[in-house]
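Below is one structure, written out as structure tokens, with a few remarks after it.
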Amino acid sequence: MPELAPIPMKFRSPHANDPFPRGWYCVADAHEISDGAMLPVSFLNQQLIVYRTAAGRAQVTDAYCPHLGAHLASSDGCIKDGAITCPFHKWTFDGGEGHCTSIPYAAVPPSRTLGLALHPTREVDGMVMMWHHPQGGAPDFEPYASTALQKDKWILFETRTWESTAPYRDLFENLFDTAHIVQLHGASKMPTMKKMEQQGHGLTVHYAIDPEAEQFPIDTFEVNFTGVTAINQLFAGQGWATNFVISATPVDHERFIQKARLYVKDLGSQAANEMIGKPWLERFAYEVSQDFKVLDYKKHLLKPRLCGGDGPIYQYREYARQYFE
Ligand code: FES
Ligand SMILES: [Fe+2]
């Protein structure tokens, strides 16, 4: 087969240059940031820095110094006890509040209004999430936080990362395209969505379980959305449970990073956890690669020609619209 190369998004999506949707975006995993170090990342066409404040809170800021625009993590820019010092003229900023606390060569102390452009930040389910609003508005909802993960002891089994050139809107829409679950992934039966409920954090979808179609005897399968930027998939059976914490964050308008963390409810031994974790992870990773083999090259159709038997794709679009406006 000849190699395919995705053409630029402007030819594949009428939304290619729309602002990124309103919501919470994962920009790092909690274990990636430690005291005394800045993590520079690049998402949503922005240069960002993720770090911990003096109080240990995860925080995201624009990477550029308000003085003359140096990248705060360039050269020997540093953070110490939650205070960030710019490498260029050594101005120092309070990482928690953002304001400038010292200018080594200025006689007059800096104004309290001078400071870093901090982004509202949350740390949930092992992710550091940053708020984005196209018009700069404050958060009007909170990310989904799993009650299951808080209740019991879970093992972070493994994390996988993919870079995709799919139209961003089409990623989570894929979950509602139930026909492809059989036709592309080869499942024996189409999944049935029992209930879709709109919640403060986004959407909760409960699936009907067909015990014969599953590798493990599953009792419940539930998906919780954070807007249109992250999902939590919880599977539970007799004595076991797995939880995929999945985020998708655009780097720019051409590509996004999908990250999936598999948590396994601790069964008390590594061997037992592996017996559950390994097949779940491999199956998931295989299905994601099957998806991206198609999604990476597809076009976002405003009016797909759906037929009887297709999944509730329009229902998802109806839900998703509130975050894109
Ligand atoms: S550019 Fe940062 S201190 Fe001057
Ligand atoms: Fe899929």
Worksheet item: Once the other residues with Cβ under 14 Å from the Cβ of E325 are scored (Lys, Arg +1; Asp, Glu -1), what is the net sum?
Response: +1
Discussion item. I need to check one value: relative contact order of the range 147-324, counting alpha carbon pairs closer than 8 Å and at least 6 residues apart, in percent.
Written reply: 28 percent
Worksheet item: When only C-alpha pairs under 8 Å and at least 6 residues apart count, what is the relative contact order of the chain, in percent?
Response: 19 percent
Item to complete: Within 10 Å of each residue's Cβ, count the other Cβ atoms and sort H15, H132, H185 from fewest upward.
Response: H185, H15, H132
Discussion item. Tell me the relative contact order for the range 107-173 as a rounded percent, counting alpha carbon contacts under 8 Å between residues six or more apart.
Written reply: 19 percent
Discussion item. Given Cβ point charges of +1 (Lys, Arg) and -1 (Asp, Glu) and nothing else, what value in debye, to the nearest 20, does the dipole of the chain about its Cα centre take?
Written reply: 480 debye
Worksheet, complete the sentence: Lone Cys, the chain, Cβ cut-off 4.7 Å -> C26, C78, C100, C307
Worksheet item: How big is the gap, in Å, between the Cα center of the range 138-181 and the Cα center of the range 229-267?
Response: 5 Å
Discussion item. Can you compute the helix-only [θ] at 222 nm over the chain? Use -39500 (n - 2.57) per DSSP H run of at least 4 residues, normalise by all residues, nearest 500 deg cm²/dmol.
Written reply: -5000 deg cm²/dmol
Worksheet entry | Bins of 20 Å, starting at 0 and running to the largest distance - Cα pair percent for the chain | 29, 53, 17, 1
Discussion item. What is the angle, in °, between the Cα long axis of helix 270-295 and the longest principal axis of the Cα atoms in the chain? Nearest 10 is fine, range 0 to 90.
Written reply: 90 degrees
Item to complete: Take K10, K259, K153 and order them by how many other Cβ atoms sit within 10 Å, fewest up front.
Response: K153, K10, K259
Practice prompt. Provide, in order from the shortest bin, the percent of all Cα-Cα pairs of the range 23-132 in each 10 Å bin, continuing until the bin that contains the maximum pair distance.
Written response: 16, 51, 28, 5, 0
Discussion item. Using only Cα atoms and rounding to the nearest 10 degrees, what angle (0 to 90) does helix 313-324 make with the longest principal axis of the chain?
Written reply: 10 degrees
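Here, each number is a calculation from the coordinates, and none is a lab measurement. For clarity, every value in this text was computed on a predicted model and none was experimentally measured. With ideal geometry, Cβ positions are generated from the backbone for all residues, glycine too; neighbour counts draw on all protein chains shown.
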